[in-house]
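Novice: Structure incoming, see below.
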Amino acid sequence: MPALSTAAPRRAFTMIELLIAVSIGTLLMVVAFAGLRAASSAFATGQRLSTENALMRAGFIAGLDELDFWKGCDDPADGRVALRQVDDSRAAQDHPLKDGLGQPFTPMAEVWDDSTELPGRWEGDAQRWSAHADNQAARWRGNFAECMDTDCRFGRYGVFFNQRATLDIPAYARDNVALPAYGAAIAPRETWWCGQYRGLTSVLGYYGLIDYLPANAIHASYSRFYPEGPPAGDWGQYVNAGGIPVEWLTGPWKVHSWADSNRTPMTRYRATLGYAYGLMAGPDAPADAAALAARHREQTTILHYGTNGDIVRGFIARVGLQDRLTPLRPSHWPEVRTSVLRYFSLGKFFNLCIVRLADPVSGNQTQFSFNGFGTTLRGARQQRDLDSYAP
Amino acid sequence: MALVAIAVVTVLVLFPAGIKAQQHARFRVLASAKMLELVDMFNTANDGNPSMDHEGMEPWDVPMAYRSRAFDLESLVPSHRSGVAPLPLAIARRFDSDGDEIATLLDEGAHLYYTLPHMTGNFDERALPNAPSSEQQRLVFAVTGYAQENGLYSLPWKSWPYYSPYPSPPYHAHHEGDWLPAAPAASTKFGVPENSAIELYLWEATQDPDVQIVMQWPAAPDRDISRNYGYLPYAYPSAAPLAYALYPTDAKLQRYAPTREGAIRYVQAALLYCRKKGLDASFYQPGGILTPSGDAAVAAVQVRALRFMAHAATCLTRWYDKAALDAGVDIPSVTIGADVTPAARYTHDVIVALHDNALRLCDHYCASFPYDWGGPRPIERAIMMDHPLIQWDVFSTPIPGTVFGDGRVASQWKPISGSPVTNIGRSISFPGKPLETIWGDGDNRHFSLAAPFAAEERCRQVVFWAVDWQGYEDFETAASAPIDASRYLKGAPERNADLGWMMTNHDWVDGEIWNYRNPEKAILFFDQDVPSLPTGADVAPWTLGLSGYEQDRGRGDVANRDSPPWIFSGLHGADRNFNQRLDRGPLPASSRMRASTIARFNYYDGRVHQCLR
């Protein structure tokens, strides 16, 4: 019978050791889990920030891209040609331009040719617009003191400076003023500047007019005066007795004046003192060419002088070209939108870009805005070859 | 275990660093956008500030020569219309930055700037919605590198260039009689019918007394209108005292309607002026294009004579039709005073030629002689050469004097121009003051605007930092940064006026004063009790830009904390995030913050005012 032996004591964890080991293990797991959670959260935050930053950069770049290339306003490859429309409702009125009123991207030749009594085509040659003293064709030659209700006591400046190649100046009697006729078949001394001015207005609207003209231009031209108002067959322009179309004296260019009869030609700064002329590319732009053409010839008060929130916000909406940059994004991604507002006010071209970021997860919205340099309207049109005429 | 520990520590360290890197990346985007706007506003905003007095008797009378008009980014851009304002100094002093750059800049007198909460779009702030949150406001920035001495935007004695239509009658202007030369001729001041309080003054006669003939002869009007010659009795032929009608078609003023005979007498006066200047028929009855003179003094006289002559002769087209003019309208010789006018014959073609030559010779003169001020520049053709190069001669002995209406001692350097200014004449505001002696000592080496320069001399830098300054408890109640006093739009001297009058009786047309008032003007609090309101209180009723009034204008009682000096200086704080609530951050004012450098942008620092496009 084998002798009973005392077995060597078995090595094993005590309960305390086990508890300690389990505790440490648990602690490690908790720490690791917390670390993983933190890492995961930090990663997610970093990822989200990264995504948002990428979207903000995209919005920023989209704004700069639009400032340079104007594709949001006009892109035939994408079917975006609303600003090329022509309002031909005036064609029946024997409009001196070829065919009615255009928009900022209407090809010059589509509205303006030299087959009518308005002399010349658009001429963008820098030499033609040079301010050299010998280049008198490009000089404004009207009467700067000509007010709306003139009695022509300082003479007939329309004979120096007119958009008509030939001119009749008939007699006129109204409102205590009696003016004798000056004559018929008069050939005004210079017609080039007035022709260019009238043509630009008709093709491009007022924002385009300011963009195309030299910064020192005076905003008024001369035309034929009809004492009883314009006949139906002649363009519909009302002109004061001195020969200035009243749209430059009492129409949208009117200055804020305490004396109606004191309205005179003005510089672009004075014409936009508190007012703005915009490039109407907003999402609610009317499809109707006539309504859109009218928008491009309207003035909005955006600073003092009786403006209010509705007017300003309405203007921002009409001018703001909006672009949703991520229409197909995952639903939990932030949405980024870029708005570009182009308008002219107080003697300055504003190219205002607004980038908005909306987070569908947190509900947060943020935005930043900036004004930037960009291609001029004329530059954009030249890039699209809209100013040339077919040979 | 060690591996786990290392992994956890690594995660805890690296991921926040990654988040910080992303935040920096975002701020760099925002800084880039802001820098584009700064450069745009600096170079393309119209900075004419026309609604202000531009001329004084002494250079310190008007702000033209002060810091607020310097062509430097930090002078022109911080404005409620340009989207930038200085951060309150009390807050800016709490920032630590790399190399203590912020503290150093502040010690040198610079400001730290932040982005105003509105869009920079020239919109009336009352019409804008509350601003959504923008991290752009967490960016602060400053301009480093020293500004250079700039060209003068305008000479504070005489705001050249003066502009006039061409052709036009003698240059006259609204003037209430202050500071006119001693014993002016009777007709150099004249009133408006039934409103003699409006007085007009024949400024151009200070340059050439013969201009009086073209304006009104005899200078003391004859009660018989048929014995008066010149522009005034033709255009506004009232009974004495001679008058000036603003409403030519107003029925009650038609008794002052001009006549054909008056037009002829106006032409005769202009003809006499030509004769007195030695100009023959080739000038006053030109048959073709005249040759511009190469002599500035001669050219100035020719241009002035043609300006009058073309204006007078064109008036004939109101009274004669083309057929009559083609046949020729004879202007008989008459005796005006001791002089005999030349006889002349005007046709349609001669009038057109007069008009042509008046414009052409004027354009040549103005482009060729920027330093001859013998004639106003044509308003229809403003060009770069209308603005001669003038700067302060900082090596000159300063001009001593006193502040008008206050008596405090003042001084200013003398101006120096690229070439000597000839025919400087008198200013239209203070024609009694001779201007020939205002210039420096004549050492042209002191004129540096046209000197060669190295590229780095014109290079300055904008530095952006990110710092959550809106976390401070006083970020809306802290006072505005100190403001240069020249940002207060004070009027020019008026007779019998004291400083208080000049500080209060001067219109502030907000849309025409870009560079004046507190840059935080649109969001300033104008009530001393606002800083003690509870957090979250509605502050819209006490926000200056929302009120539509000018609580910051006027001298006021300094002891009254609601008086204009307190409000102009922004001592009650501002709604700096424009949520129209009073906000307080969680951090006490005693704590400091670390401002992280985000970006640096170099830009070209020009020395002469310019506006692109």
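Novice: Can you give the angle from 0 to 90° between the axis of helix B:296-315 and the longest principal axis of chain B, with both taken from C-alpha atoms, to the nearest 10?
Specialist: Helix B:296-315 sits roughly 70 degrees off the main axis of chain B.
Novice: List, in order, the whole-Hz ³J(HN,Hα) value for each residue of the range A:173-183 obtained from phi through the Karplus relation with A = 6.51, B = -1.76, C = 1.60 and θ = phi - 60°; use x for Gly and Pro.
Specialist: 9, 5, 6, 6, 10, 10, 10, x, 5, 9, x
Novice: Quote the Stokes-Einstein diffusion coefficient, in whole µm² s⁻¹, for the range B:287-412, based on the Kirkwood radius over alpha carbon pairs, a temperature of 37 °C and a viscosity of 0.692 mPa s.
Specialist: After rounding, the answer is 181 µm²/s.
Novice: Which entries in B:Lys277/B:Lys414; B:Lys276/B:Lys414; B:Lys433/B:Lys490; A:Lys71/B:Lys20; A:Lys71/B:Lys34 show an alpha-carbon gap greater than 30 Å?
Specialist: Violating the 30 Å Cα-Cα cut-off are B:Lys277/B:Lys414; B:Lys276/B:Lys414; A:Lys71/B:Lys20.
Novice: Hey, another quick one. Could I have the simple spin-label model distance between B:Trp508 and B:Ala173, label points 7 Å from Cα toward Cβ, reported in nm to one decimal?
Specialist: About 2.4 nm separates the two model spin labels.
Novice: Something else: Within 10 Å of each candidate Cβ there may be at most 12 other Cβ atoms; applying that plus a DSSP loop requirement, which trypsin sites (Lys or Arg not before Pro) in the range B:376-445 survive?
Specialist: Answer in residue order: B:Arg408.
Novice: Still on this model: Identify the residues of the range B:39-66 with backbone N under 19 Å of a label point that sits 7 angstrom from the Cα of B:Thr437 along the Cα-to-Cβ direction, or state none.
Specialist: What the label zone holds, given the 19 Å backbone N cut-off, is B:56-61.
Novice: Then there is this: Tell me which aspartates and glutamates have Cα within less than 16 Å of B:Lys322's Cα, excluding those fewer than 8 residues away on the same chain?
Specialist: A:Asp168, B:Asp330, B:Asp349
Novice: I want the local charge near A:Gly183. Using Cβ-Cβ distances under 14 Å, sum +1 for each Lys or Arg and -1 for each Asp or Glu among the other residues.
Specialist: +1
Novice: Taking the Cα atoms of the protein assembly as shown, what is the range of coordinates along each of the three principal axes, in descending order and whole Å?
Specialist: 168, 72, 53
Novice: Ok, one more. 7 Å from Cα along Cα→Cβ at both B:Glu108 and B:Ala537: what's the point-to-point distance in nm?
Specialist: Those two pseudo-labels are separated by 4.1 nm.
Novice: In degrees from 0 to 90, rounded to the nearest 10, what is the angle of the helix B:260-276 Cα long axis to the longest principal axis of chain B?
Specialist: For B:260-276 against chain B, the angle is about 80 degrees.
Novice: Further, regarding this structure: Just subtract the alpha-carbon distance of B:Arg408 and B:Asp326 from 0.36 nm times their residue separation and send over the number in nm, one decimal.
Specialist: Here the answer is 22.9 nm.
Novice: Now a separate question. Please identify the trypsin sites (Lys or Arg not before Pro) of the range A:284-330 that satisfy two criteria: DSSP loop assignment and at most 11 other Cβ atoms within 10 Å. Which are they?
Specialist: For trypsin sites (Lys or Arg not before Pro) across the range A:284-330 that sit outside H, G, I, E and B with at most 11 neighbouring Cβ atoms in 10 Å, the list is empty.
Novice: Okay, moving on. Whole-Hz Karplus ³J(HN,Hα) for the range B:589-601, in order, using 6.51 cos²θ - 1.76 cosθ + 1.60 and θ = phi - 60°, x for Gly and Pro?
Specialist: Result, ordered by residue: 5, 7, 7, 10, 10, 9, 9, 8, 5, 9, 7, 10, 10 Hz.
Novice: Let me ask you something else. Nearest 10 degrees is fine. How inclined is helix B:2-44 to the longest principal axis of chain B, computing both from alpha carbons?
Specialist: Long axis of B:2-44 versus the principal axis of chain B: about 10 degrees.
Novice: Ok, one more. Determine the principal axes of the Cα atoms in chain B, then give the extent along each, sorted from largest to smallest and rounded to whole angstroms.
Specialist: Dimensions of chain B along the principal axes of its Cα atoms: 117, 51, 51 Å.
Novice: Name the long-range amide H neighbours of B:His609: under 5 Å, sequence gap of 5 or more, or other chain; modelled H, no Pro or chain starts.
Specialist: Residues meeting the criterion, in which the H sits 1.01 Å from N, are B:Gly151.
Novice: Once the other residues with Cβ under 13 Å from the Cβ of A:Leu279 are scored (Lys, Arg +1; Asp, Glu -1), what is the net sum?
Specialist: +2
All of the numbers you see were taken from the coordinates with simple rules; none came from a lab. Since the structure is predicted, the reported quantities are computational estimates derived from the model, not experimental observations. As a convention, Cβ positions derive from the backbone with ideal geometry for all residues, glycine included, and neighbour counts pool all protein chains shown.
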